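The structure appears right after this line, and notes come after that.
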Amino acid sequence: MGLLSKLLGDEGSKQLGKLVKNVASEAEKAARQAGVDLDQVISGVQSGARPQTQSRPQQAAPAQHEPGPSGFSWGEEMPAEENQYNFAGPYTAYFEMIFREDFPGYRVDRGQGSHPRTTVYTLWQGVSKALVVEVMTQDSEAKKLRQDCAKAGIPYVRFYHDHDGWWNTRAYVVSRIRAALR
């Protein structure tokens, strides 16, 4: 908890720890209700084994799905995966590297957002805007760019570059951008 204690203070760090434990407990409960054998998953991860797919009877989907935190790119401990915070450079260089390496078929323009600590990237496919990516501070409440993109029918994705506990892992960033480009 060293980094988070420094950023949030001891009390904030403790509260975040409690939140993470509650979320993990709810995720465990949901996995068990879905019939996932967590002990088998954990032992497979520890041994480095690949998960085996088994044919199980399909369960009916719940009538209403309540979205929860993804857990894909957040948490108290920095993930081992490449992320914005273990990247050797500023967040802008991190995102630009992802655009260059994972989306080479798009031309990328970089601009300043409405807030001084906001960067806007536009991915172009030919002469058409394919996606607008806004990387902003968590302190900004700006919604205009998102609304303008929605009115124009242009896909939009937002990331925060300074939200405590959100690591912006490469897989997370790439998957959100790919989903928005579809």
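The values are calculated or read from the model by the stated rules, or taken from the named source; none is laboratory data. None of these values were measured; they are calculated from a predicted model. No Cβ is skipped: glycine too gets one built from the backbone with ideal geometry, and neighbour counts run over all protein chains shown. Note: accessible area is taken over every heavy atom of the protein model, side chains too, but ligands, DNA and RNA are not part of it. Shrake-Rupley method; radii C 1.70, N 1.55, O 1.52, S 1.80 Å.
What to note about this one:
- Residues within the stretch 127-166 that are out of contact with any Asp or Glu (no Cβ under 7 Å at 6 or more places or on another chain), modelled with pLDDT under 95 and open to solvent by less than 70 Å² (accessible area, probe 1.4 Å), tallied: 6
- Considering the stretch 119-151, the residues that are of a type outside the set (A, V, I, L, M, F, W, C) and assigned to a loop (DSSP other than H, G, I, E, B) include one that is farthest from the chain's Cα centre (by Cα), namely 126.
- In this entry, residue 181 is excluded by the filter for residues that are farther than 19 Å from residue 75 by Cα, surrounded by 14 or more Cβ atoms within 10 Å (Cβ to Cβ), of a type outside the set (Gly, Ala, Ser) and touching a Pro at 6+ places or on another chain (Cβ under 6 Å).
- Test for residue 131: is it among the aliphatic types (A, V, I, L, M) and in contact with a helix residue (DSSP H, G or I) (Cβ under 9 Å, 6 or more places away or on another chain): yes
- Among the residues of the stretch 162-182, those identified as closer than 24 Å to residue 129 by Cβ and in a helix (DSSP H, G or I) are 170, 172, 173, 174, 175, 176, 177, 178, 179, 180, 181.
- The stretch 73-114, residues that are aliphatic (A, V, I, L, M) and open to solvent by less than 70 Å² (accessible area, probe 1.4 Å): 93, 97, 98, 108
- Looking only at the stretch 101-118, residues that are outside any strand (DSSP E or B) and at pLDDT 95 or above come to 7 in all.
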